[in-house]
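**Q** My questions all concern the structure below.
The values are calculated or read from the model by the stated rules, or taken from the named source; none is laboratory data. Being a predicted model, the structure only gives us computed values, none of them experimental. A quick note on method: Cβ atoms are made from the backbone with ideal geometry, for glycine too, and the neighbour counts reach across all protein chains shown.
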Amino acid sequence: MAKFILRRLGFLLLTLLLTSVIIFLITQLLPGDVARIILGREASEVALQNLRRELGLDRPLLLQYLTWLGNFLSGNWGISFSTGQAIRPFVLERLGNSLMLAELTLLIAVPLSIALGVLGALNEEKLLDNIISVVSLAVVGLPEFVTGLVLIQIFSFRLNVLPASSSIRPGTGFFEALPMLILPAITATLVLLAYIARMTRASVIEELKKPYVRTASLKGLLPRQVIWGHVLRNALLPTITVVAISFGWLISGLIVVENVFNYPGIGRLLTFAIDRRDLPLLQAITLVAVLGFALANLAADLLYAYLNPRIRFD
Amino acid sequence: MTTAALKISDLNVSYQQEGRWFDALRGVSLQIAPGQTYGLVGESGSGKSTLALSVIRFLSENGRVRSGKIELAGRDVMSLTDAELREFWRKCVKLVPQNPLPSLNPSLRIGRQLREAIYPPLNAAGANLKVLELLESVGMADPKRIARAYPHQLSGGMQQRVVIAMALASEPDLLILDEPTTNLDVTTEATILDLIRDLIKDRNTAVLYVSHSLGVVAQICDRVAVLYGGELVEDADVLKLYRKPLHPYTQGLLDSVPRIGQDKTKLQLRPIPGQIPGAELPSGCIFAPRCPLAIEICRSERPKLELPWAGRRVRCHRWQEIADNQADPRQPLKFVTASEVPNAEVETVLKLSEVKKRFAVQRSLSQVLRQEAAKQVRAVDGIDLSIGRGKTLGLVGESGSGKSTLARCIVGLVPRSEGDISLLDIPLARTLSARDKTVLRSLQMVLQSPDEALNPYLRVDQTLRRPLQRLAGLKRQELDQAVVNLLKAVKLSPSYAERLPGQLSGGEKQRVSIARAFASQPDLLLFDESVSALDVSVQAAIVNLLSELQQEHQSSYLFISHDLSVVSYLADEIAVMYLGVITEIGKTQDVLKPPYHPYTEALLSAIPLIDPEAAQEHIRLVGEVPSPVNLPTGCRFHTRCPRFLGKICGTTEPPWQEDESGKRINCHIPLSELKTLQKQAFNFDHEEV
């Protein structure tokens, strides 16, 4: 197992290093001159040259990359072009917000979709299964801005129980923010629901066909003992991977949902950085997002291995 | 027999497929007394597994018991409610299925899985003790370790022991064993059969033993029923059934299995012609189309199950004549007119010298960092052998002996690590891609599973055209005729050219595979367990076919199989492999005579002979085949050898000893001593004709 963890960590570092190269190169290759973006169209050639020297843009590419990476690792994420403030506290605060939303979403989405998936599998091809399939697929077909707006219409304007805007102030705690998190979390849940539920349904159906289920039934166990004690242990293994990938998406990919609800997460910061061509900010966000994805996957791999003795005792 | 534990009366079971119902069982009645072991034999499609599943009410979704009654310990199984059924499963009936690994939950420890099965329930401490007790009762040396292990950490034999222990965790009224040893090595099978025999001896449990193997049933059962096409055709005490079968199908089954010592140069095997009935049943006796004794009445009127005398039932119009020896139910005997070539003139087709194959074991990160050399699996470790023109070399050994790896090295599917292989004096390159077309043409292979070896989307003629065109170099206009000739050679009608593999039976698919291999008229053919997956009646026909084709084309065979009976019938020479090396090699009739290598002796002793009265020595191998990563020092077999001499076996590699017949044995024990020890040779003589 220790060997396994070490190997996975090695892969993780390699992935991060590679993506950092890609991120760096892409931002370098983007059209437009950084110095001109900062100083504006009217700037003189001398001023541009000075700024380039100041930013180190005249040095060899490799050196620029290493400096950038070194700074990033030592916590110096640079100054935002557009706001002139240090990037790190800014991004970390938004990351905190994104994590809050992601946690609540998973808390709702995972149990709900697994339950629906298992219910569907146990009633394979019967009425309940068909209802679950049709409804969850219909919901996933709707874009987030539609479901989000419908939810706002119902819960904020008609029933007036939840706020329509989720623009929480910096430093708000989880429970304080909770009322404002619910609607965006439900919107994100609706996106994930069909995905996780169908995955769970398929793997439960697959497991139910295996001979060990017959062995368990023939011990005279109750159907729920067979499902909980025997089937789910094996059937939920693939679901773990799906949940981990969803977590990565929740941290950095909730661009539409965050914009609909005006929620200050990483997703909205990303649109902001792209709008302003704020390269250092963009680089920081992408690296953080990649790190989030990679860690979520690592956690999934480790959990998968821990729950699967065929990997644990290899 | 009113106290029968299991009583099945007039059972009819059907399956629904594509909207149509097919009968799987028709009017089957049988009884098993407490303490009785009742064998149920039949080929695939006979309905034997359906019967077992009906008894435990575990038919698949599309199966229905249409009528009939099943009573176990006085209770009507068909009328149990869901809750009663769970109780029934828990206490009254236990199943030991064919494949132990998938039958165990991969992510739960053995102990936990056993604990669940215990009945009556015990408290936690009691249950833990009981688990250890159960594991010990199935011969586990270290029950504590096993209880903590996960299924995949155990060998196949140990997994099957666990499943058996699970079945005994309650005191069931009925124990169903569904082919419990079919996928195990012959040596493991023998030890599991010993265990089963021991366990049921002192219990008053009724046992239903389902098997396709007449040998296993002969060795373990008190009474046997033969199923054919969903009908019970005969049932009797095991001795009486094997001594004097009254149904021609039973006789056919018994005759189609080669007996050790039977020789292909004298007599052909006696397969049952034709196939099992499909959805459309013949109007008379369902066996009539394949029966050598069928007369008018057999084709028009379905025979009833008759009771010739007490304790015996048979479903045949002509049983009386068979009983009185007025009609012979055996398939006609065919003598072989072999033209024996004197050995001295035989040209060598295949020659191997010092062939080795090593696989590197993947190193762990820490091993890489410490720059440790990768460990190696010495799968094949120095093989010398040769095969002459028109001869067959049989290669036997347990799984893990390296026989399949050796075959793959010869065909070039895996590159050998060392050594030379030459075909007709042409040295063979290590990989397939480096060999030229003449080599590919003259060296072909037939795989085990015809289902997987044939492309399901290619018609038979398309499968056959490829090698004819590419290897045999035939012109386009010659192809059609060549396909027809090939089909005729493997005894298939030319109309099969149009069919897809899905429309063929298992035996027919294997015939197509053989035809494909023969298309390029190879000098050498490799058969890797090529007849092992077939039903015995079909297997016999394929074995005869191989023998005939060899006579006709003078091709040489390397025939790999775990089944010593088939090998001994087909092979002129036998090589026995253990852990990558040959332990004994010689002419077939010599290998089957003492002195044997102790390993050969154990293999022979493990064969379930098709004779309940056979006096067979019980030599059992302890433990598992050691890992080829850490090979035992000295003689590789010394860790399991029943005739272990002493220290020398563990320290020094044994010498080759040759007896007067030219057979060679790799063992420390002098041949003369082996001969005295093994005086009690197997009685393989049996009357033929």
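**Q** Yes or no: A:ARG214 assigned to a helix (DSSP H, G or I), within 14 Å of chain B (Cβ to nearest Cβ) and in contact with a strand residue (DSSP E or B) (Cβ under 9 Å, 6 or more places away or on another chain)?
**A** On the way: assigned to a helix (DSSP H, G or I): yes; within 14 Å of chain B (Cβ to nearest Cβ): yes; in contact with a strand residue (DSSP E or B) (Cβ under 9 Å, 6 or more places away or on another chain): yes.
In short, yes.
**Q** Has the range B:441-463 got any residue that is more than 25 Å from B:VAL355 (Cβ to Cβ), touching a helix residue (DSSP H, G or I) at 6+ places or on another chain (Cβ under 7 Å) and of a type in the set (Val, Ile, Thr)? Talk me through it step by step, then tell me what you get.
**A** Going residue by residue through the range B:441-463, those that are more than 25 Å from B:VAL355 (Cβ to Cβ) are B:449-452, B:454-463.
Of the ones still in play, those that are also touching a helix residue (DSSP H, G or I) at 6+ places or on another chain (Cβ under 7 Å) are B:450-451, B:454-456, B:459-461, B:463.
Checking the rest, the ones that are also of a type in the set (Val, Ile, Thr) come to B:460, B:463.
Within the range B:441-463, one or more residues are more than 25 Å from B:VAL355 (Cβ to Cβ), touching a helix residue (DSSP H, G or I) at 6+ places or on another chain (Cβ under 7 Å) and of a type in the set (Val, Ile, Thr).
**Q** Would you pick out the residues in the range B:94-128 that are in contact with a strand residue (DSSP E or B) (Cβ under 7 Å, 6 or more places away or on another chain) and more than 8 Å from chain A (Cβ to nearest Cβ)? Talk me through it step by step, then tell me what you get.
**A** Applying the first criterion (in contact with a strand residue (DSSP E or B) (Cβ under 7 Å, 6 or more places away or on another chain)) to the range B:94-128 yields B:94-98.
Selection gives B:VAL96, B:GLN98.
**Q** For the range B:141-170, which positions are charged (D, E, K, R) and within 14 Å of chain A (Cβ to nearest Cβ)?
**A** The initial filter retains those residues of the range B:141-170 that are charged (D, E, K, R), namely B:142, B:144-145, B:148, B:161.
Scanning the range B:141-170 gives B:ARG145, B:ARG148.
So that you can scan it fast, the table gives a plain yes or no per residue for (1) touching a residue at least 60 places away in the same chain (Cβ under 8 Å); (2) of a type in the set (Gly, Ala, Ser):
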position	(1), (2)
A:GLN225	no, no
A:HIS230	no, no
A:ARG233	yes, no
A:GLY248	no, yes
A:GLY253	no, yes
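**Q** Something else now. Tell me which of these B:GLU87 doesn't satisfy, since it passes every other one: (1) more than 7 Å from chain A (Cβ to nearest Cβ); (2) surrounded by fewer than 20 Cβ atoms within 10 Å (Cβ to Cβ).
**A** (1)
**Q** Please verify whether A:TYR263 is facing chain B (nearest Cβ under 9 Å), among the hydroxyl-bearing types (Ser, Thr, Tyr) and either touching a residue at least 12 places away in the same chain (Cβ under 8 Å) or assigned to a loop (DSSP other than H, G, I, E, B) (or both), treating the condition exactly as stated. Working first, answer last.
**A** Numbers: facing chain B (nearest Cβ under 9 Å): no; among the hydroxyl-bearing types (Ser, Thr, Tyr): yes; either touching a residue at least 12 places away in the same chain (Cβ under 8 Å) or assigned to a loop (DSSP other than H, G, I, E, B) (or both): yes.
Here the answer is no, as A:TYR263 does not meet what is asked.
**Q** Given the condition farther than 30 Å from B:ASP420 by Cα, touching a residue at least 40 places away in the same chain (Cβ under 8 Å) and not hydrophobic (A, V, I, L, M, F, W, C), answer yes or no: does some residue in the range B:431-449 qualify? First the steps, then the outcome.
**A** Applying the first criterion (farther than 30 Å from B:ASP420 by Cα) to the range B:431-449 yields none.
No, because not a single residue in the range B:431-449 is farther than 30 Å from B:ASP420 by Cα, touching a residue at least 40 places away in the same chain (Cβ under 8 Å) and not hydrophobic (A, V, I, L, M, F, W, C).
**Q** Still on this structure, please answer the following. Which condition does A:THR189 not pass, out of (1) within 18 Å of the chain's Cα centre (by Cα); (2) at pLDDT below 90, if it passes all the others?
**A** If we test A:THR189 against (1) within 18 Å of the chain's Cα centre (by Cα); (2) at pLDDT below 90, just (2) comes out false.
**Q** Can you find, within the range B:357-374, the residue that is nearest to the other protein chains (Cβ to nearest Cβ) among those that are surrounded by 15 or more Cβ atoms within 10 Å (Cβ to Cβ) and not in a strand (DSSP E or B)?
**A** Step one: filter the range B:357-374 for residues surrounded by 15 or more Cβ atoms within 10 Å (Cβ to Cβ), giving B:357-359, B:363-364, B:367.
In the following step, the residues that additionally are not in a strand (DSSP E or B) were identified as B:363-364, B:367.
Details: B:ARG363: 10, B:SER364: 5, B:GLN367: 9 Å.
Filtering first and then ranking leaves B:SER364.
**Q** Another question, then. Given B:GLN503, B:GLN481, which one is surrounded by fewer than 17 Cβ atoms within 10 Å (Cβ to Cβ) and closer than 20 Å to B:VAL538 by Cα?
**A** Exactly one residue qualifies, and that residue is B:GLN503.
**Q** Among the residues of the range A:26-42, is any within 24 Å of the chain's Cα centre (by Cα), of a type outside the set (A, V, I, L, M, F, W, C) and under 23 Å from A:GLY267 (Cα atoms)?
**A** Residues of the range A:26-42 within 24 Å of the chain's Cα centre (by Cα): A:26-27.
Narrowing the set further to residues that are of a type outside the set (A, V, I, L, M, F, W, C) leaves A:27.
Add one more test, that the residue is under 23 Å from A:GLY267 (Cα atoms), and what stays is A:27.
Yes, the range A:26-42 contains at least one residue that is within 24 Å of the chain's Cα centre (by Cα), of a type outside the set (A, V, I, L, M, F, W, C) and under 23 Å from A:GLY267 (Cα atoms).
**Q** Please name all residue pairs, on different chains or six or more residues apart, with Cβ atoms under 6 Å, provided the first residue is in the range A:1-28 and is under 17 Å from A:GLY70 (Cβ atoms) and away from chain B (no Cβ under 14 Å) and the second residue is among the hydroxyl-bearing types (Ser, Thr, Tyr) and part of a helix (DSSP H, G or I).
**A** A:ILE23/A:THR286; A:PHE24/A:TYR65
**Q** Between a first residue in the range B:272-298 that is under 18 Å from B:ALA540 (Cα atoms) and a second residue that is basic (Lys, Arg) and modelled with pLDDT of 90 or more, which pairs have beta carbons less than 6 Å apart while being 6 or more apart in sequence or on different chains?
**A** B:ILE272/B:ARG290; B:PRO273/B:ARG290; B:GLY274/B:ARG290
**Q** Shifting gears a bit: Tally the residues that are within 14 Å of chain B (Cβ to nearest Cβ) and either in a loop (DSSP other than H, G, I, E, B) or among the acidic types (Asp, Glu) (or both), restricting the search to the range A:217-254.
**A** Total meeting the criteria: 5.
**Q** If you check A:LEU269, A:LEU298, which single one turns out to be in a helix (DSSP H, G or I), in contact (Cβ under 8 Å) with a residue 60 or more places away in the chain and either surrounded by fewer than 19 Cβ atoms within 10 Å (Cβ to Cβ) or within 14 Å of chain B (Cβ to nearest Cβ) (or both)? Outline the logic, then answer.
**A** Working: A:LEU269 fails: either surrounded by fewer than 19 Cβ atoms within 10 Å (Cβ to Cβ) or within 14 Å of chain B (Cβ to nearest Cβ) (or both).
Sole residue among the options that is in a helix (DSSP H, G or I), in contact (Cβ under 8 Å) with a residue 60 or more places away in the chain and either surrounded by fewer than 19 Cβ atoms within 10 Å (Cβ to Cβ) or within 14 Å of chain B (Cβ to nearest Cβ) (or both): A:LEU298.
**Q** Can you tell me which condition B:ASN666 does not meet? The list is (1) closer than 19 Å to B:ILE574 by Cβ; (2) of a type outside the set (D, E, K, R); (3) in contact with a helix residue (DSSP H, G or I) (Cβ under 9 Å, 6 or more places away or on another chain), and all the others hold.
**A** For B:ASN666, the exception is condition (3).
**Q** Within the range B:601-643, track down each residue that is at pLDDT below 90, out of contact with any Lys or Arg (no Cβ under 9 Å at 6 or more places or on another chain) and farther than 30 Å from B:ARG243 by Cα.
**A** Result: B:SER627, single match.
**Q** Give the range B:430-455 a look and list any residue that's closer than 20 Å to B:VAL531 by Cα and in a loop (DSSP other than H, G, I, E, B), or say none.
**A** Residues of the range B:430-455 that are closer than 20 Å to B:VAL531 by Cα, as a first pass: B:443-455.
Scanning the range B:430-455 gives B:LEU447, B:GLN448, B:SER449, B:LEU454, B:ASN455.
**Q** Out of the strands (runs of 3 or more DSSP E) lying entirely within the range B:1-75, which hold 2 or more residues that are without any contact (Cβ under 8 Å) to a residue 60 or more places away in the chain and among the basic types (Lys, Arg)? Outline the logic, then answer.
**A** Numbers: elements: B:6-17, B:20-32, B:37-41, B:63-72.
By residue number, B:63-72.
**Q** Would you check if there is a residue in the range B:415-430 being farther than 22 Å from B:ILE585 by Cβ and basic (Lys, Arg)?
**A** Within the range B:415-430, one or more residues are farther than 22 Å from B:ILE585 by Cβ and basic (Lys, Arg).
**Q** Next up: Taking the options B:VAL233, B:VAL224, name whichever one is touching a Gly at 6+ places or on another chain (Cβ under 6 Å), crowded, with 20+ Cβ neighbours inside 10 Å and not in a helix (DSSP H, G or I). First the steps, then the outcome.
**A** Values: B:VAL233 fails: touching a Gly at 6+ places or on another chain (Cβ under 6 Å).
Checking each option against the conditions leaves just B:VAL224.
**Q** With the structure loaded, tell me whether A:SER203 is free of Cβ contacts under 8 Å to residues at least 12 places away in the same chain, out of contact with any strand residue (DSSP E or B) (no Cβ under 8 Å at 6 or more places or on another chain), within 14 Å of another protein chain (Cβ to nearest Cβ) and surrounded by 14 or more Cβ atoms within 10 Å (Cβ to Cβ) or whether it fails that test.
**A** Numbers: free of Cβ contacts under 8 Å to residues at least 12 places away in the same chain: no; out of contact with any strand residue (DSSP E or B) (no Cβ under 8 Å at 6 or more places or on another chain): yes; within 14 Å of another protein chain (Cβ to nearest Cβ): yes; surrounded by 14 or more Cβ atoms within 10 Å (Cβ to Cβ): yes.
Considered against the rule, which asks whether it is free of Cβ contacts under 8 Å to residues at least 12 places away in the same chain, out of contact with any strand residue (DSSP E or B) (no Cβ under 8 Å at 6 or more places or on another chain), within 14 Å of another protein chain (Cβ to nearest Cβ) and surrounded by 14 or more Cβ atoms within 10 Å (Cβ to Cβ), A:SER203 comes out as no.
**Q** Hey, does the range B:66-83 have a residue that's out of contact with any Leu (no Cβ under 7 Å at 6 or more places or on another chain), within 10 Å of another protein chain (Cβ to nearest Cβ) and surrounded by 15 or more Cβ atoms within 10 Å (Cβ to Cβ)?
**A** No; the residues of the range B:66-83 include none that is out of contact with any Leu (no Cβ under 7 Å at 6 or more places or on another chain), within 10 Å of another protein chain (Cβ to nearest Cβ) and surrounded by 15 or more Cβ atoms within 10 Å (Cβ to Cβ).
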